[in-house]
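Working notes, structure below.
The values are calculated or read from the model by the stated rules, or taken from the named source; none is laboratory data. Everything numeric here is computed off the predicted structure, so don't read it as measured data. All Cβ positions, glycine included, derive from the backbone under ideal geometry; neighbour counts span all protein chains shown. When the accessible area is computed, the model is the full protein with side chains, heavy atoms only, and any ligands, DNA or RNA have been set aside. Shrake-Rupley method; radii C 1.70, N 1.55, O 1.52, S 1.80 Å.
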Amino acid sequence: MQFTKMHGLGNDFIIVNALDGFRAADPAALARATCDRRMGVGADGLVFILPSTEGDVRMQIFNSDGSEPEMCGNAIRCVAKYLFERRLVDKTTITVETLAGLIVPEILLGVDGQVSGVRVDMGEPRLERAEIPMAGPAGKVVLEPLDLGDLVLPVTGVSMGNPHCVIFLPDLDQVDFERLGPLVEKHPDFPARTNVEFVSVADPGQVNVKVWERGAGPTMACGTGACAVTVAGVLARCTDRRVKVCLPGGVLDIEWAENNHVYMTGPAEEVFEGTMRREK
Ligand code: ZDR
């Protein structure tokens, strides 16, 4: 299997061009094997670029634990750069079919004609509790107490196609991230589990975020998570609609525009190409 290793702010992926008909017999098992950082290539997710009838291509992603999320913001920037640089598309605005609907990345070119970044129309956030999905009565979930046994945290629920639980805190260094991340991810109120973002607001235009990803654990960055944080910040009245989201791997520029779409701008990098010897 031919693959390309790429990352967006250190959130790293194994990208497989499956436009020509390659199909993994067991993609979840393949994701677990190839994402393993000792026995495999090492990545947070395995991404297939597939033919689509609705868009230019279809993106299918598997987390390192083999689960299949609806969407991935950092991976979609990598996919857009991959397609553009290999001339698999001949335009800068690309439509990508995902389980979260049609997502539209736009290639940004520098003065040297090289890809300098990707701006993605991530579509509209979903805020109804059942859409996140979260257990409980109808309505939005904004700064609502979530009982974690020995402590209660105020949570805001946002779906960017995939579920996010955003937790605003005064100081990220005080967070017992490794313990609380999985506790919130698997909390019974989130029937599909959830990605978890711990956020401290530096000022209304800038936030610091640590991400615990569903199915992958701690990652350097999270594209859908940065979008969810911005939407949650507006709902909780602690950020502007345009925010610099600072993650361990770098900064994403997010805007929740007046048309209700969320726009994410950030980099995508190619690291190397390779051949996996066999499917495990
Ligand atoms: C958070 C993510 N890496 C991104 O950049 O949007 C998406 C990966 C999928 C996530 N782990 C999930 O929803 O299960």
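Give the residue that is nearest to SER67 (Cα to Cα), with candidates limited to residues of the range 16-27 that are open to solvent by 10 Å² or more (accessible area, probe 1.4 Å) and touching a strand residue (DSSP E or B) at 6+ places or on another chain (Cβ under 7 Å).
PRO27
Give the residue, chosen from VAL184, VAL209, VAL158, VAL196, that is within 14 Å of the ligand (Cβ to nearest atom), of a type outside the set (D, E, K, R), open to solvent by less than 10 Å² (accessible area, probe 1.4 Å) and not in a strand (DSSP E or B).
Going through VAL184, VAL209, VAL158, VAL196 in turn, the sole match is VAL184.
Counting only residues that are over 15 Å from the mean Cα position of the chain (by Cα) and closer than 23 Å to ALA33 by Cβ, which one in the range 66-112 is nearest to the ligand (Cβ to nearest atom)?
This residue is GLY66.
Could you list all residues from the range 1-15 that are within 16 Å of the ligand (Cβ to nearest atom) and either in a strand (DSSP E or B) or crowded, with 19+ Cβ neighbours inside 10 Å (or both)?
Of everything in the range 1-15, those that are within 16 Å of the ligand (Cβ to nearest atom) and either in a strand (DSSP E or B) or crowded, with 19+ Cβ neighbours inside 10 Å (or both) turn out to be LYS5, MET6, HIS7, GLY8, LEU9, ASN11, ASP12, PHE13, ILE14, ILE15.
Out of the residues in the range 28-43 that are assigned to a loop (DSSP other than H, G, I, E, B) and open to solvent by less than 20 Å² (accessible area, probe 1.4 Å), which is nearest to CYS72 (Cα to Cα)?
Ranking the candidates gives ALA43 first.
Across the range 79-96, which residue is most open to solvent (accessible area, probe 1.4 Å) among those that are of a type in the set (Ser, Thr, Tyr) and free of Cβ contacts under 8 Å to residues at least 24 places away in the same chain?
THR93
Would you mention how many residues in the range 164-181 are within 16 Å of the ligand (Cβ to nearest atom) and closer than 14 Å to LEU146 by Cβ?
Total meeting the criteria: 5.
List, please: which pairs have Cβ atoms under 6 Å, are six or more places apart or on different chains, and start with a residue in the range 1-14 that is of a type in the set (Ser, Thr, Tyr) and end with one that is open to solvent by 20 Å² or more (accessible area, probe 1.4 Å)?
THR4/GLU273
Report every pair of residues separated by at least 6 positions or lying on different chains whose Cβ atoms are under 7 Å apart, first residue within the range 189-202 and at positive phi, second near the ligand (Cβ under 10 Å from one of its atoms) and at pLDDT 95 or above.
ARG193/GLU185; ARG193/ARG214
Which members of the range 100-115 meet the condition of being open to solvent by 20 Å² or more (accessible area, probe 1.4 Å) and in contact (Cβ under 8 Å) with a residue 40 or more places away in the chain?
So the first thing to find is which residues in the range 100-115 are open to solvent by 20 Å² or more (accessible area, probe 1.4 Å), and the list is 101-102, 104, 106, 108-115.
The answer is GLY101, LEU102, LEU108, VAL115.
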